[in-house]
1. Take the alpha carbon atoms of the chain, find their radius of gyration, then divide it by 2.2 N^0.38 Å using N residues; give the quotient.
2. With everything on Cα atoms, drop me the angle between helix 131-142 and the longest principal axis of the chain, reported from 0 to 90° to the nearest 10.
3. Would you calculate, for the chain, the mean residue ellipticity at 222 nm contributed by helices, counting each DSSP H stretch of 4 or more residues as -39,500 (n - 2.57) and dividing by all residues, to the nearest 500?
4. Figure the gain on full extension for Thr115 and Phe165 (residue separation times 0.36 nm, minus the Cα-Cα span) and round it to one decimal in nm.
5. What is the angle, in °, between the Cα long axis of helix 307-321 and the longest principal axis of the Cα atoms in the chain? Nearest 10 is fine, range 0 to 90.
6. With a 10 Å Cβ neighbour count serving as the proxy for reagent exposure, in which order, fewest first, do Ser272, Ser31 appear?
7. Post the alpha-carbon centroid distance, region 234-273 to region 289-324, in whole angstrom.
8. Note down the nm distance, to one decimal, between modelled labels 7 Å out along Cα→Cβ at His189 and at Arg17.
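Since every read-out is calculated from the coordinates, none of them should be taken as a lab result. Owing to the predicted nature of the structure, the values given are computational and were not obtained by experimental measurement. Every residue, glycine as well, gets a Cβ built from its backbone with ideal geometry; the counts of neighbours run over all protein chains shown.
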Amino acid sequence: MAHTMPRALREALTSCRRVLLTGPVDPDGDSLGACFALQALLEADGVDVVVTGNPSARYTFLPGVARLAPDDALDGAWDAVVVLDGDRHRLTPGVAAAFERARLRCIIDHHASTTADGYDIVWVDHTAPSTCEMIYRWLVEQGAPVTRDIATNLYAGIVFDTGGFRYSNTQPSTLRLAATLLEAGIDHHEVSLRILIERSRRGIAVAGSVFSGVTYALDGALAIGRVTQAMHAEIGIRSGDLEGIVDALVHTEGVLVGAVLNDAGGGRVKVSLRSRGAVDVAAVAQALSAKGGGHRKAAGALVMSPIEDVERRIVETVGPLLGR
Ligand SMILES: [Mn+2]
């Protein structure tokens, strides 16, 4: 775990000719913001930088989105592939192939479940509130100017990962950074609106369906919501439409852990977990799947099992952690 940026990482990346930056599948605001901000910093050093990803409509306003490369068009040699705000286990197949071919495999991340295994250069800071806050340290070290575009991307990451400065991961440094980014002239209200507040009509419809079907287990400490195949067929749910639903569940009165089980079809269940802190849901996600993980209070897993089995395993895993 490194609070400060390893000098070797900057020296390695700035001496590359061609670098690929990526987040995990379904990248969030922190992952995308960190990729675009680091792209700008490396390009200032003369590096040829490609960012790949397939973000939801929520993030299409971010500076840099128009230059995104599709993850199935990443042919050729990469001097380095850098995974930001996620780990190598959650890359799409096209990105995973480029990662395997790269001369240098790097990780910049703050997730509690991320380890150094499988990378050549590692910058993991489990205490950082967001990957974007880590990238800001890079910017300071480099003495680079905080352009409006870089500031917008970094602000997107910090408001997403701190829930608009409300989560317990918000630190004094986070608020000082926010002030610096506002001084760069960003439209902070627009960023918060797009990242945290606005919902699609599909998102409203699916939230209503999930909320009306919530069940409670473990004496009311565990709230479980389900996104069924019928909801998918009726609403046409897209990536991003489910954001915020599991956060509402965990903040229901008396609830300590919230879970949303999304029946994605083909025997795949996407599990989203939130905790108020008593239970480490990153550990729960890892118990559900070898590729599951995340933070103590926010985690996820993709599980290849019938949805009823997944639900039973969550209850059986969380129960003992709460002494029930
Ligand atoms: Mn993050």
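1. It is 0.98.
2. 10 degrees
3. Details: 12 runs with 125 residues, N = 324.
When only DSSP H runs of four or more count, the value is -11500 deg cm²/dmol.
4. Numbers: separation 50, 0.36 × 50 = 18.00 nm, distance 2.65 nm.
Computed gain between Thr115 and Phe165 is 15.4 nm.
5. 80 degrees
6. Numbers: Ser272 24, Ser31 29.
Ranking Ser272, Ser31 by Cβ neighbours within 10 Å, fewest first, gives Ser272, Ser31.
7. Comparing the Cα centres of region 234-273 and region 289-324, I get a distance of 13 Å.
8. With each label placed 7 Å out from Cα toward Cβ, I get 4.9 nm.
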